[in-house]
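So the structure is just underneath, and the comments pick up after that.
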C-alpha cells in the first residue's frame, strides 16, 4: 500500500491480533452468526488487517456489515443452496449471506472438486460484500492449488473507457499461488485505478489522489493531484486510453460477464450485480508438486533480486510486502486508527458485549 | 487499434482475404506443413488481419515463422504428445510446433473436456509463437463457452515495477465470451503497456510512443512522447506505479506462474519460458444458454449505448471494433503495407510458389 494510505503515526493504536479477533467474533456472534460463521468472518477481516490491507479490514468494513445485519439486509444464518452442479462446477445461492461468510465455503467446494477432477469453478449469487478477493484465493494456495477469486459488485462507480456513465463497481480479482521457501504469491487488486475503499481511506487520512485516478461527472479523467472531491467517477486501471485503461475496462467487463451474466444475476449496471466466482486449479494435474516448488521459489527469488531502478530500494512481488507486514504485526499488533477503536468501544458498550482492544 | 498504428493510406494495397489466405497456406505448405496444419496456421493469421490486428497477422509474423521453419527451429510435422492428463486438464508437449499450429488443438481438447465435465484446462509446452491469444480464446466462445488463453513468452523485454532488469515478455491474455445478437466479446491484450509487435509496427509507420510506454535501460519510465529508441525496456500495463503498473506486473507474474512454473518449463526469465494455457468454461454448467444470451446481449448493448465523454464519439467494448473491421475488410480486402506485398511476391518467386496478391 502507498505510504499515504497508512494510518498517521500519531493516530495509531496497536492492538494484538488475538484481541482484535476476539472482539470481532463477538460482534459477529451478537449480529446472529453461529460460532463457525463468526470465526470465519472475523478471520477474513483480521487476516486482511494483519496483511496491512486496511481497506478490507475492520476499519472500513465491520460497521457496514453490522449495520446490514441489523437492518435485515444480510442473513446471519443463511442456508447455502447448490442451485446447479457438475463434476467441476457449482452455482451456490447464498441465501443473502455476507460474502466473507459464503466465499470461503464456495472456494472450499472448488478445492474439493479440483482434488477429484483437476479443477473446480464455483459461482455464488445472492451474497453480500466479498471482503477482498485475496483471502479466498489464498485458501486454494494453502491446498497447493492456484486460486482465483473475483466479483462483479454493482455498476454505479466506474466508467468504461471513453464513457461518461458508470457501468462497473471496483470488480476485484485475485490469484494466489503457493511456494515452498519464499512467501506465497498473492495478486489481489481492484480493476479500477484504485480500490474504492482506498478512496474512503484517503479521505479519512487526508491524502491526495494521483492524476488520472478518477474522472469528473462528465467522464473526463482528472489529470492533476487532488483531494477526494465530493462527486466523482472511478476509472478502470490505466486511467486514460493512452495508459491502457481499455485493459482495465476489458477485465472489468470479463469479470462482470463471468460473475453476473453467466450466473443469471445480470450485468452489474442493470441489476446491481454482486455475483462471485472462485476457481481452484490443482498444480499436480500438470506437474509434480516438488518440481513446481523448485521453479516457483526460483521465480519469486529472481523477482525479489531484480536490480532496482534508480530511486527505489527493491523490487517486490505481489503478496511479499503483505506477508512481511503480517510478520511485523504479529509482533507489534495491528495499528488501528484511534477513531476505529473508539467506535468499537462505544459500539460494544451499546450492545452490551465485552471487548478489550488495548 | 490507435489510428497511428494503421498502415498509412498511401502505402495500402487492398488484398481480398481469399487471396491472402491462399498465398499464406501455400507458404506454410512449402515450409513443410500438411494441408490441415497449413490451413489452421493461415486461418489464425488471416483472422487476425481481418480483425485489424496487424501486429499478429502476416505483416509482422509470417516472415519470422517461415525463417524459423527454414532454420529447423520449428517442426512442421509435429507429433503432439499428451504428457499428463486428468478429466479436466492436460499438459501437451507440442514437439516444437508453431504456437498457432498447436494452440487450436489444445483449446479444442479443453472444449471437449468442458463439454463432458464443465471445464477444461490445457497447457502446452515446447511450442513456438502463440500468434495472439484472442483467436484461440474465441474457439471456445464459438462453442458457447467462455474461453481464456495466455502465454508466458521469454523474460528479456519487460521490467517488473521498480525494476531495472527485465523479467517478462509481453505475456498476453485473452478472454472470449459469446453473445446472441451483439458481436461477440473478445478481450485480447498484452500485459505490457503496448504489444511488442505494435512497437515494431510503430517503427515501420514512423509513429511516436506515448509517455510511460517504455523505460530506458536504467529502468526509468520515459515520460515524454518519443519515437521508438534503439534500446529500451517495456513496462507492465499502467506504466508507472502511480498509474497501477503493479497490476500489469502482477498479471504478468501470474501468467508466468501458470504457463511456466506450473508446466515445468520454468520462469520465462530463467529459461526462455514459452508455456501456454487454454481454459474453456461451459456456460451451461452455470445457467441455461438462452438466459445467458439474454443477459449478455443486454450487457453489451448497455456498454455500446453508454453516453460518451466529451471529445469521444462512442463507447466500444472489447471485440466490437475488430468485429466491425472484419465486416469492412470482407468488402474492401485487407489493407497491407505495399512493402509486405512486395516481400511476399519476391519470397514466392524465390521458393517457386505461385501467389496472387493483387
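All of the numbers you see were taken from the coordinates with simple rules; none came from a lab. Quick caveat: nothing in here was measured; it's all calculated off a predicted structure. Here the Cβ positions follow ideal geometry from the backbone for every residue, glycine too, while neighbour counts run over all protein chains shown.
Sorted shortest first, the distances from the residue A:70 label point to those of the same residue in the other copies are 7.6 nm; each point sits 7 Å from Cα along Cα-to-Cβ. Within 10 Å of the Cβ of each residue in A:310-321, the mean number of Cβ atoms contributed by other protein chains is 4. Rounded, prolate or oblate: which fits the range B:34-88 when a ≥ b ≥ c are the square roots of the eigenvalues of the alpha-carbon gyration tensor, with rounded for a/c under 1.5 and prolate only if a/b beats b/c? Oblate. Peptide packing: for A:219-231, B:339-351, A:162-174, the average count of neighbouring Cβ atoms within 10 Å per residue gives the ranking A:162-174, B:339-351, A:219-231, highest mean first.
Between residue A:18 and residue A:95, the FRET efficiency from the beta-carbon distance, with R0 = 25 Å, is close to 0.20. Of the beta bridges in chain B, as assigned by DSSP with both residues counted there, near 85 percent are antiparallel. Within 10 Å of the Cβ of each residue in B:231-240, the mean number of Cβ atoms contributed by other protein chains is 3. Each label point was placed 7 Å from the Cα along the Cα-to-Cβ direction; for residue B:312 and residue B:208 their separation is 2.2 nm. The packing ranking, built from the mean of other Cβ atoms within 10 Å per residue, places the peptides B:52-63, A:76-87 in the order B:52-63, A:76-87, highest first.
The range B:93-152 and the range B:266-296 have Cα centres separated by 9 Å. Shown for residue A:351: label points 7 Å from Cα along the beta-carbon vector, and their distances to the equivalent points in the other copies, 7.2 nm in ascending order. Comment: the Cα-to-Cβ extended label point of residue A:324, at 7 Å, lies 4.7 nm from its counterparts in the other copies, nearest first. Derived value for the protein assembly as shown: Kirkwood hydrodynamic radius 25.9 Å. Basis is the mean of 1/r over every pair of different alpha-carbon atoms. Rounded, prolate or oblate for the range B:79-332? Axes are the square roots of the Cα gyration tensor eigenvalues, ordered a ≥ b ≥ c, and the cut-off for rounded is a/c under 1.5. The shape class here is oblate. Based on the Cβ-Cβ distance from residue B:326 to residue B:294, what FRET efficiency comes out when R0 is 22 Å, to the nearest 0.05? Efficiency, rounded to the nearest 0.05: 0.30.
The label-point distance for residue A:224 and residue A:39, in a model that sets each label 7 Å from Cα toward Cβ, rounds to 5.4 nm. By its C-alpha gyration tensor, with a ≥ b ≥ c as the square roots of the eigenvalues, how is the range A:174-306 shaped: rounded for a/c under 1.5, else prolate for a/b larger than b/c, else oblate? Oblate is the answer for the range A:174-306, as a/c is 1.5 or above yet b/c matches or exceeds a/b.
Taken along the Cα-to-beta-carbon direction at a fixed 7 Å, the label points for residue A:304 and residue A:115 span 3.0 nm.
Using a Förster distance of 60 angstrom, determine the FRET efficiency expected from the C-beta separation of residue B:200 and residue A:346, and round it to 0.05. Efficiency for this residue pair is about 0.45.
Per-residue mean of foreign Cβ neighbours for A:216-226 is 2 (Cβ atoms of other chains, 10 Å radius).
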